[in-house]
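Here's the structure, in structure tokens; my notes come after.
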Amino acid sequence: MSGFEARVSLVSALASQASSVSQRLLADLATETVKYVFPKRFDSGNLEEALMAVPDLETVNFRVLSRTDKYEIREVEPYFVAETTMPGKGGFDFYGASKSFNVLAEYLFGKNTMTEKMEMTTPVVTRRTQSEGEKMEMTTPVITKRGGDQAHWRMSFVMPSKYGANLPSPKDPSVRIQEVPRKIVAVVSFSGYVTDEEVERMERELRHALKRDRKYRVKNGASVEVAQYNPPFTLPFTRRNEVSLEVEIKQDD
């Protein structure tokens, strides 16, 4: 084979390989796109919930124990999260949320000790903290948590269940892996965009409604969690957001 023929053969081989890679990338892109174009829905109790849709991604497993016109009681299965503390005084300001989301996304997509690219899950949970040194008992995907009067928030990504406890360690020291134990939570759903003011309003309404529940009460020290299921480009009226509080069964006096 002449030098010219060898070069032609090499170019042809590279072109063929590039075409194969491109086809795989397109196939992967199509697969991921379908998860958003053809989303899934939860059981709806009203018209607003009927319009809400979530991406067809892995999510936290739970069992509905009871449902009222105001909220739903769920038993949530254990899971693992990657979490980071958010900058800023607000849980849902653009700067703090974007920076924390990017830090966690980098871990998920390969910035870890195994250079492992993991699949996205839903939702992203934001949790308000009681104190900086509190041992966390979290329940849902991306969590932002605020620390008492210190205004600390934490955001968490739910980890794919196939890893169990064998998750790769983060390279970024600001990212921590936590196990979320089984728990019972009261949940209220709403559409639109999430703001600190909206979360505070929903939390007040949920706490007020739970005072009339005959079986469950808010667990002492429970802090609010906010789950956001949709990517930013989702239309507001089709977005699914949830505010939840951990509850416990009332004890007979």
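The values are calculated or read from the model by the stated rules, or taken from the named source; none is laboratory data. The structure displayed is predicted, hence computed values, not measured ones. In this analysis, Cβ positions are derived from the backbone assuming ideal geometry, glycine residues included, and neighbour counts consider all displayed protein chains. In case anyone asks, the SASA skips ligands and DNA or RNA and just uses the protein heavy atoms, side chains included. Shrake-Rupley method; radii C 1.70, N 1.55, O 1.52, S 1.80 Å.
Inspection of region 175-187 finds a residue satisfying the criterion of being in contact (Cβ under 8 Å) with a residue 40 or more places away in the chain, in contact with a helix residue (DSSP H, G or I) (Cβ under 6 Å, 6 or more places away or on another chain) and either of a type in the set (Lys, Arg) or closer than 24 Å to ASP93 by Cα (or both). Given the conditions (1) open to solvent by less than 10 Å² (accessible area, probe 1.4 Å); (2) outside any helix (DSSP H, G or I), and given that VAL199 satisfies all but one, which numbered condition is not satisfied? So VAL199 meets the others, but not (2). Residues that are in a strand (DSSP E or B), of a type outside the set (Val, Ile, Thr) and surrounded by fewer than 20 Cβ atoms within 10 Å (Cβ to Cβ) are absent from region 219-239. Screening the candidates PRO173, PRO181 for the property of being under 18 Å from the mean Cα position of the chain (by Cα), modelled with pLDDT of 90 or more and surrounded by fewer than 18 Cβ atoms within 10 Å (Cβ to Cβ) yields one hit, PRO181.
Filtering region 43-63 to residues that are of a type in the set (A, V, I, L, M) and surrounded by fewer than 19 Cβ atoms within 10 Å (Cβ to Cβ) leaves LEU47, ALA50, LEU51.
Being of a type outside the set (Asp, Glu), open to solvent by 20 Å² or more (accessible area, probe 1.4 Å) and touching a residue at least 24 places away in the same chain (Cβ under 8 Å) is a description that does not apply to ARG204.
Could you tell me which numbered condition VAL81 fails, if it satisfies all but one of (1) at pLDDT below 90; (2) in contact with a Ser or Thr (Cβ under 6 Å, 6 or more places away or on another chain)? Failed condition: (1).
Just wondering, is there one or more residues in region 94-102 that are on the phi < 0 side of the Ramachandran plot, open to solvent by 20 Å² or more (accessible area, probe 1.4 Å) and touching a helix residue (DSSP H, G or I) at 6+ places or on another chain (Cβ under 6 Å)?
no
Within region 154-193, the set of residues being closer than 24 Å to SER244 by Cβ and of a type in the set (S, T, N, Q) comprises SER156, SER161, GLN178, SER189, SER191.
Condition check for TYR107 on (1) at pLDDT 50 or above; (2) surrounded by 19 or more Cβ atoms within 10 Å (Cβ to Cβ); (3) within 13 Å of the chain's Cα centre (by Cα); (4) not β-branched (Val, Ile, Thr): one failure, at (3).
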